[in-house]
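Shown below is the structure under consideration.
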Amino acid sequence: MRILVVEDDNKIASFIVNGLKQNGFAVDRAAEGEEGLSLARTVDYDAAVLDLMLPKLDGLSLLRRLRQEKVLTPVLILSAKASVNDRVIGLQSGGDDYLTKPFAFSELLARVQALIRRANQTAEPVRLVAGDLTMDLLTRQVRRGEEEISLQAREFALLELLMRHPGRVATKTMILEHVWDYSFDPQTNVVDVLVHRLRAKVDKDHPVKLIQTLRGVGYVLKPG
């Protein structure tokens with residue numbers, strides 16, 4: 001899943017971006033309003049975190065323009081403005097939720113996840129299962145049978161993508177968009193390297209190989 005963070009404070013932005021990445025999201029960051037507006041118009045984000053006090057174009061103006069243009073990305077407003085009136089204005093301008101600074105990252109993460117669930121109108125699963133492979137999305141624990149598997153952040157994000165869509169092919173382009181937060185040359189071998197690493201952890205020493213290659217197409221997880 002891909003998140004847009006529009007925040008001009010480098011320290012706060014780094015805190016949010018790194019936290020979201022560690023939880024398996026691909027993240028784009030804009031440091032000012034016009035850049036944020038351009039990204040939100042052109043990329044199909046699952047959610048956005050939006051500061052209000054931005055250079056070039058303030059957050060409320062950005063939000064109003066997105067809603068006027070029928071861009072429906074769920075938006076979590078992040079602001080030091082804490083009055084009831086400020087929150088009301090933010091929500092009336094098209095925000096879906098409002099979080100005041102300072103904040104705990106755990107709360108921001110929970111609110112972003114709730115926005116995505118509401119937008120998809122589905123209950124977000126807390127556990128994914130494919131054959132004897134299980135993934136706990138809350139504890140980030142992965143097991144193959146009784147064996148616990150330790151995964152790095154991008155390995156976890158790739159496996160989550162495959163486990164959410166068992167039997168469906170994930171192309172290299174899809175993997176690049178979901179696992180990395182910027183564009184790579186489609187000819188690069190970073191996806192192949194990542195899949196190789198993941199296979200070594202998930203399928204090694206198991207007779208049933210879950211992660212399979214469709215040559216020239218992509219990769220698919222088949223529970224067997």
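From Leu62, Leu52, Leu66, Leu91, which residue is in contact with an Asp or Glu (Cβ under 7 Å, 6 or more places away or on another chain) and of a type in the set (A, V, I, L, M, F, W, C)? Steps first, please.
Values: Leu62 fails: in contact with an Asp or Glu (Cβ under 7 Å, 6 or more places away or on another chain); Leu66 fails: in contact with an Asp or Glu (Cβ under 7 Å, 6 or more places away or on another chain); Leu91 fails: in contact with an Asp or Glu (Cβ under 7 Å, 6 or more places away or on another chain).
Just a single option satisfies the conditions, and that option is Leu52.
Further, regarding this structure: Which of (1) at pLDDT below 85; (2) open to solvent by 30 Å² or more (accessible area, probe 1.4 Å); (3) under 17 Å from the mean Cα position of the chain (by Cα) does Gln187 not meet, given it meets every other one?
Failing condition for Gln187: (3).
Kindly indicate whether any position in the range 52-70 is under 17 Å from the mean Cα position of the chain (by Cα) and in contact (Cβ under 8 Å) with a residue 24 or more places away in the chain. Outline the logic, then answer.
Keep residues of the range 52-70 that are under 17 Å from the mean Cα position of the chain (by Cα), which gives none.
The answer is no; no qualifying residue exists.
With the requirement that a residue be among the charged types (D, E, K, R) and either in contact (Cβ under 8 Å) with a residue 12 or more places away in the chain or in contact with an Asp or Glu (Cβ under 7 Å, 6 or more places away or on another chain) (or both), what does the range 146-166 give you?
Within the range 146-166, the first condition is being among the charged types (D, E, K, R), and the residues that meet it are 146-148, 154-155, 160, 164.
If the condition is that a residue be among the charged types (D, E, K, R) and either in contact (Cβ under 8 Å) with a residue 12 or more places away in the chain or in contact with an Asp or Glu (Cβ under 7 Å, 6 or more places away or on another chain) (or both), then Arg154, Glu155, Glu160, Arg164 are the ones that fit.
Hey, another quick one. Is it the case that Leu63 is closer than 19 Å to Phe103 by Cβ and in contact with a Ser or Thr (Cβ under 6 Å, 6 or more places away or on another chain)? Step through it out loud before you land on a result.
On the way: closer than 19 Å to Phe103 by Cβ: yes; in contact with a Ser or Thr (Cβ under 6 Å, 6 or more places away or on another chain): yes.
When the stated conditions are applied, Leu63 passes them.
With out of contact with any strand residue (DSSP E or B) (no Cβ under 6 Å at 6 or more places or on another chain) and at pLDDT 90 or above as the only criterion, which of Val71, Val84, Val75 stands out? Before you say what the answer is, go through the steps one by one.
On the way: Val84 fails: at pLDDT 90 or above; Val75 fails: out of contact with any strand residue (DSSP E or B) (no Cβ under 6 Å at 6 or more places or on another chain).
Step by step, each of Val71, Val84, Val75 is checked, and only Val71 is out of contact with any strand residue (DSSP E or B) (no Cβ under 6 Å at 6 or more places or on another chain) and at pLDDT 90 or above.
Conditions (1) touching a Leu at 6+ places or on another chain (Cβ under 8 Å); (2) farther than 20 Å from Arg197 by Cα, marked per residue:
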{"residue": "Asp58", "(1), (2)": "yes, yes"}
{"residue": "Ser61", "(1), (2)": "no, yes"}
{"residue": "Leu91", "(1), (2)": "no, yes"}
{"residue": "Ala114", "(1), (2)": "no, yes"}
{"residue": "Met135", "(1), (2)": "yes, no"}
{"residue": "Glu147", "(1), (2)": "no, no"}
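Select from the range 1-21 the residues that are surrounded by fewer than 20 Cβ atoms within 10 Å (Cβ to Cβ), more than 10 Å from the chain's Cα centre (by Cα) and not β-branched (Val, Ile, Thr) and list them in ascending order.
Asp8, Asp9, Asn10, Lys11, Ala13, Ser14, Phe15, Asn18, Gly19
Can you pull out the residues in the range 63-90 that are more than 14 Å from Asp8 (Cα to Cα) and of a type in the set (A, V, I, L, M, F, W, C)? Even if it seems obvious, please write down each step before you answer.
We begin by selecting, within the range 63-90, every residue more than 14 Å from Asp8 (Cα to Cα); these are 63-76, 81-90.
Answer for the range 63-90, where residues must be more than 14 Å from Asp8 (Cα to Cα) and of a type in the set (A, V, I, L, M, F, W, C): Leu63, Leu66, Val71, Leu72, Val75, Leu76, Ala82, Val84, Val88, Ile89.
The values are calculated or read from the model by the stated rules, or taken from the named source; none is laboratory data. Computed from a predicted structure; not experimentally measured. FYI the Cβ positions are ideal-geometry reconstructions off the backbone, even for glycines, and counts take in every protein chain you see. Only protein heavy atoms, including side chains, enter the accessible area calculation; ligands, DNA and RNA are left aside. Shrake-Rupley method; radii C 1.70, N 1.55, O 1.52, S 1.80 Å.
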